[in-house]
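Worksheet for the structure shown next.
The values are calculated or read from the model by the stated rules, or taken from the named source; none is laboratory data. Remember, predicted model here, so these are calculated numbers, not experimental data. Here Cβ is always computed from backbone atoms with ideal geometry, including for glycine, and neighbour counts include all displayed protein chains. In case anyone asks, the SASA skips ligands and DNA or RNA and just uses the protein heavy atoms, side chains included. Shrake-Rupley method; radii C 1.70, N 1.55, O 1.52, S 1.80 Å.
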Amino acid sequence: MSLGILIVSHVADITVGVQKLISQTAAQVPVTVAGGTDDGGVGTSVDKIQQAVAANKADELLAFYDLGSAKMNLEMAQEFSNKPIYLYDVALIEGAYTAAALLQAGVERSEIEKQLRPLKIK
Amino acid sequence: MALTLENTLNWLHGFDQVIEAKKAYLSQLDTPIGDGDHGNNLARGAAAIEAALEKNKPTDLTAALKTIAMALVSKVGGASGALYGTAFLEMAKTSQKTQALPDLLAAGLAGIQKRGSATTGEKTMVDVWAPVVTAAQAGELDQAVVDQAVQATKEMQATKGRASYVGEKSVGHLDPGAVSSGYLFTELLKTGVDK
């Protein structure tokens, strides 16, 4: 069972930045991102999230997002997807970074979730 | 009070036209308390609904509701796409069991509440959907119910959604999602489904 990370933000540049930050600590963890709307604007898109889910080579995904509608669209993608996706209501950058570092170290999901708990902000 | 393929198509054609006509106003409502894109986002969805209904030509109510839902989900983006999309998706599911309007609207409301984790009094579209469902279930849905529900959002303080970030400053503004939901139910009543 392999675990990967999915980053969803209203802004494409934010997702790229978070991915860049994560890759420093977790070069081997599969990370895919969905940022902005289909036409490149600010917002989130179910289609883009579904593409990022499909593109991620992990079997299960830990998902991190920024504002409210990103969560709603993530939940829709979650319902449409066969791949298990776990959503965390934590600070986007700190949460994704923590999960990535732990995944790189081979830590299990239950333990990662324990460490994510103090980062819950929404 | 039952939805049929025919009145549902009329309903959505009416809604799509109103959204196109009111998109600037809806975005204007969304500017002081949101991100100013509600009208344009919904207008994109309205155009997508028209295109999808033209292309797929649904032959029953469930197929029509599902086509509408997927157009909203994939083209509107943001919270309103997920919320309206979920509402129509849940109505599509329920329409396999019943075509009764109160049941379908209740399923739509339940979908919105689940997706948005929202309840009444938070200055959202739920504040229009909930009284409309209650009135429909009592056989008392009319234009006054819709108008009063929309107007009531003006004095509420937002505690859900983007408007909650401006806190007390949200008081005095109509909620854009409530206004667009008001248009949805106004167009529904125009089809004569309540008669």
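Applied to the range B:168-181, the Karplus parametrisation 6.51 cos²θ - 1.76 cosθ + 1.60 on θ = phi - 60° returns per-residue 3J(HN,Hα) values of 4, 5, 6, 5, x, 10, 5, 7, x, x, 5, 5, 5, 5 Hz, with x for Gly and Pro. Using θ = phi - 60° in the Karplus curve 6.51 cos²θ - 1.76 cosθ + 1.60, the 3J(HN,Hα) couplings for the range A:33-48 round to 9, 9, x, x, 8, 4, 9, x, x, 8, x, 10, 10, 4, 4, 5 Hz; x is entered for Gly and Pro. Taking only the Cα atoms of the range B:5-190, the radius of gyration and Dmax are 15.2, 48 Å.
Against chain A, whose longest principal axis comes from its Cα atoms, helix A:68-80 is set at around 80 degrees. Shape analysis of the range B:68-131 places it in the oblate category; the axes a ≥ b ≥ c from the Cα gyration tensor give an a/c of at least 1.5, with a/b not above b/c. Taking 20 Å as the straight-line reach from the Cα of A:K83, the lysines in range (excluding those fewer than 8 positions away in the same chain) are A:K48, A:K57, A:K71. Accessible surface of the range B:5-190, 1.4 Å probe: 52 percent of it comes from carbon and sulfur atoms. Normalised by the number of residues in chain A, the average gap of Cα pairs under 8 Å and 6 or more apart makes the relative contact order 29 percent. Would you compute the Debye intensity of the range B:1-77 from its alpha-carbon atoms alone, equal scatterers and no solvent, and pass along log10 I(q)/I(0) at q = 0.12, 0.23, 0.25 Å⁻¹ to two decimals? These q points yield log10 I(q)/I(0) values of -0.35, -0.98, -1.07. Using all pairs of distinct alpha-carbon atoms, the Kirkwood hydrodynamic radius of the protein assembly as shown works out to 20.2 angstrom.
What is the Å³ per residue value for the convex hull set by the Cα atoms of chain A? Before the final figure, lay out each step's value.
Numbers: hull volume 10.5 nm³, N = 122.
It comes to 86 Å³ per residue, whole-number rounded.
Amide H contacts of A:V33 (H built 1.01 Å from N, in plane; Pro and chain starts excluded): A:I7 sit under 5 Å, all sequence-distant by 5 or more or on other chains.
Please give the calculated 222 nm ellipticity per residue for chain B, where each DSSP H segment of at least 4 residues contributes -39500 (n - 2.57) and the sum is spread over every residue; nearest 500 deg cm²/dmol? Per the formula, -23000 deg cm²/dmol.
Please give the calculated 222 nm ellipticity per residue for chain A, where each DSSP H segment of at least 4 residues contributes -39500 (n - 2.57) and the sum is spread over every residue; nearest 500 deg cm²/dmol?
On the way: 5 runs with 58 residues, N = 122.
Helix contribution divided over all residues of chain A: -14500 deg cm²/dmol.
Against chain B, whose longest principal axis comes from its Cα atoms, helix B:126-137 is set at around 40 degrees. Loop-located trypsin sites (Lys or Arg not before Pro) across the range A:25-120 with a Cβ neighbour count of 15 or fewer within 10 Å are A:K57, with loop assigned by DSSP. Taking amide H as placed 1.01 Å from N in the peptide plane, the amide H of A:V42 sits under 5 Å from that of A:T37, each at least 5 places away or on another chain.
With a 1.4 Å probe on protein heavy atoms only, tell me which residues of the range B:112-129 lose at least 50 Å² of accessible surface in the complex relative to the chain by itself. Buried-area filter returns B:R115. In order along the range B:44-52, the Karplus-derived 3J(HN,Hα) couplings, from 6.51 cos²θ - 1.76 cosθ + 1.60 at θ = phi - 60°, round to 5, x, 4, 5, 5, 5, 4, 5, 5 Hz, and Gly and Pro are given as x. What's the total accessible area buried between chains A and B, using a 1.4 Å probe, rounded to the nearest 100 Å²? About 1200 Å² of accessible surface is lost on pairing.
Share of chain A's accessible area from carbon and sulfur, percent, 1.4 Å?
Numbers: 2990 of 5630 Å².
Heavy-atom surface of chain A belonging to carbon and sulfur, 1.4 Å probe: 53 percent.
Could you compute Rg(Cα) / (2.2 N^0.38 Å) for the range B:85-195, with N its residue count? Don't jump to the answer; show the numbers that get you there.
Numbers: Rg = 13.9 Å, N = 111, 2.2 N^0.38 = 13.2 Å.
Cα-based Rg divided by the globular estimate yields 1.05.
Under 5 Å between amide H atoms, partner at least 5 residues away or on a different chain: which partners does A:V90 have, H built in plane at 1.01 Å? Counting only residues 5 or more places away or on other chains, the set is A:Y65, A:I121.
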